[in-house]
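Worksheet: one structure, shown below.
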Amino acid sequence: MVFQCRRKRRWKNMSPKQDEEEPQTEDSSLHGGRIRSFKHERGNWATYVYFPYHPEEEFEELLEELLSAAASHGVVLTPQEEFHLSLSQTVVLRHHWIQPFMQSLRAGLTHCKRFVCSAGRLRVYCNAERTRTFLGMEAFTGHAQLLDLVRVIDQTLTEFQLETFYKDPSFHVSLAWCVGDLTEELKEITKELQSLVDERDDGPFHLNLDCAELRCRTGNKTFRFSLEA
Ligand code: AMP
């Protein structure tokens, strides 16, 4: 099985220095062939805040097993090209708001401390438009710290009249996705998939995320915010 989770998504993961001021495009190959949930207009930048997750070998092995098991039930999932835990929805930022937005975020995050969070329970997510379904792994520690960060980020979003995060957030790392609403199909096999996560030779797999550097992706730029040690 060709497994490509190490490949970087070009429009989400380039370093800010590489890609200053490149225009956003509608080319679907630049966003994994997925359906864009809002129309791109010149000067509008798709923006979201997240912690990156850098996969370990065991995670990659597990993900292959999960995808094979799902495929054997007729659910074909595509692995994420990069892994992250979102702390905002994807909002649209006007180009001239980027600098003040980042300044506001940086000011709010000044006293936020780094922490570690772990995830392990599989859960199915669907986007608001019900055009994409995701298999994710939900965090079971770090909830209080993640909520504190959401409060800070939401303040900035509110300042710029942008939509805040879910009132009842489920912090997770999406592992794989498919086009359409396959929530029911995936939920039916979640128990079987969960057993692949839990019944490993060394005990249940836990995805450990070092929440030390928050990132904000806007268009093709990434801004980084180091949290206090
Ligand atoms: P992400 O991996 O962060 O891009 O999230 C995958 C999808 O989960 C997004 O399209 C979110 O809209 C969706 N989602 C649905 N319900 C929730 C929730 N309660 N908390 C976080 N994300 C959610």
> Once phi is turned into ³J(HN,Hα) by the Karplus curve 6.51 cos²θ - 1.76 cosθ + 1.60 with θ = phi - 60°, what whole-Hz value does each residue of region 91-103 show in order, with x for glycine and proline?
Replying inline: 10, 10, 10, 6, 3, 6, 8, 4, 4, x, 4, 5, 4
> Non-local amide H neighbours of Arg132 (under 5 Å, H modeled in plane, Pro and chain starts lacking H): which ones?
Replying inline: Asn127, Gly180
>> Run the simple label-point estimate for His206 and Arg151 please: 7 Å along Cα→C-beta, distance reported in nm.
In response: 2.6 nm
> What are the residues whose amide H is under 5 Å from the amide H of His172, where those residues sit 5 or more places off or on another chain and H is modelled from the backbone?
Replying inline: Ser86, Ala139
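Are there GluC sites (Glu not before Pro) in region 129-229 that DSSP marks as loop and that have at most 16 other Cβ atoms within 10 Å, and which are they?
Those satisfying the criteria are Glu129, Glu163, Glu199.
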> Got the relative contact order for region 43-202 handy, in percent, Cα pairs under 8 Å and 6 or more residues apart?
Replying inline: 30 percent
> If you find the alpha carbon centre of region 139-170 and of region 40-104, how far apart are they in angstrom?
Replying inline: 16 Å
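Given the C-alpha atoms of region 85-229, compute the convex hull and give its volume per residue in Å³.
Details: hull volume 18.2 nm³, N = 145.
Cα convex hull per residue, to the nearest whole number: 126 Å³.
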> How much accessible area per residue does region 73-209 have, in Å², with a 1.4 Å probe?
Replying inline: 51 Å²
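The values are calculated or read from the model by the stated rules, or taken from the named source; none is laboratory data. Just so it is clear, the structure is predicted and the values come from calculations on it, not from any experiment. Cβ: placed from backbone, ideal geometry, glycine included. Neighbour counts: every protein chain shown. Quick note on the areas: whole protein, heavy atoms, side chains included, nothing else; ligands and nucleic acids left out. Shrake-Rupley method; radii C 1.70, N 1.55, O 1.52, S 1.80 Å.
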